[in-house]
């Protein structure tokens, strides 16, 4: 599966990159989950990507190389932004490790450019139909999930709507996701109730002065207080 971080507000990018790198290497000492004991055998090494706000628009950078082996990942430390999502991918389907399958994915909808990343697997894609005007770049389940959410999302009640959309999907491992546009990030938390790895699939919210984070794990480097995002819930992080 994958590791993710979303940040909105006043923050430095370098600690976020360092936190994602630690999670990708399965060496994050700030948080334990059921797969921590696997050590380096559980590296999230199947590509990485970020989307961040610059001059009022979203900019995406992504790669099929592990973030902890990619100089391009480290070079992002100088970015200044107030909105960012980061993703490190892990999959057992090694034949899908290609740039077009690296998160985040982009789509234009309702006049905005949206970015999306996901942790988990939708096992049956017939559960996530979407408007045929959306055209996938890659061939994994996360992109159809993204398009399905955009097709159904009620922007008058975005958090509640995202929670409702995710609750309609029944065959999956997890549906944890970030949906970003230039002024906000939607975060949805949902894991399969029968999962043997509830801590691995828990999303965490960190809140501090002028900053909100959502992360796959509690991480160091930020002056925030952490609490679990309720399973089945969704949050709107707005500038």
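Given the DSSP H assignment, sum -39500 (n - 2.57) over each helix run of at least 4 residues in the chain and divide by its residue total; what's the result at 222 nm in deg cm²/dmol, nearest 500?
Working: 4 runs with 37 residues, N = 239.
One gets -4500 deg cm²/dmol as the mean residue ellipticity at 222 nm.
List the relative contact order of the chain as a percent without decimals, with contacts defined as Cα pairs under 8 Å and 6+ residues apart. If you can, show how the numbers build up before the last one.
Numbers: 543 pairs, mean separation 55.9, N = 239.
Normalised by residue count, the contact order of the chain is 23 percent.
Across 135, 92, 59, mean-square fluctuation computed from a Gaussian network of the chain (C-alpha pairs under 10 Å connected) peaks at 92. Structure remark: mean-square fluctuation, Gaussian network model of the chain, C-alpha springs under 10 Å; the largest value among 119, 28, 95 belongs to 95.
Answer rounded, prolate or oblate for the chain, using the Cα gyration tensor with square roots of eigenvalues a ≥ b ≥ c: rounded when a/c is under 1.5, else prolate when a/b is larger than b/c, else oblate. Could the numbers behind the result be given before it?
Working: a/c = 1.23, a/b = 1.11, b/c = 1.11.
Judged from the Cα gyration tensor, the chain comes out rounded (a/c under 1.5).
One Cα centroid belongs to the stretch 131-172, the other to the stretch 195-239; the line between them spans 21 Å. Taking 133, 161, 215 as the candidate residues, the one with maximal mean-square fluctuation in a Gaussian network model of the chain, Cα springs under 10 Å, is 133. Starting from the Cα of residue 27, step 7 Å toward the Cβ, then list every residue of the stretch 67-85 with an amide N under 14 Å from that point. Answer for this model: 67-70.
Here, each number is a calculation from the coordinates, and none is a lab measurement. Only a predicted model underlies this, so the values are computations on that prediction, with no experimental measurement involved. Because the Cβ atoms are built from the backbone with ideal geometry, glycine has one as well, and the counts that use them run over all protein chains shown.
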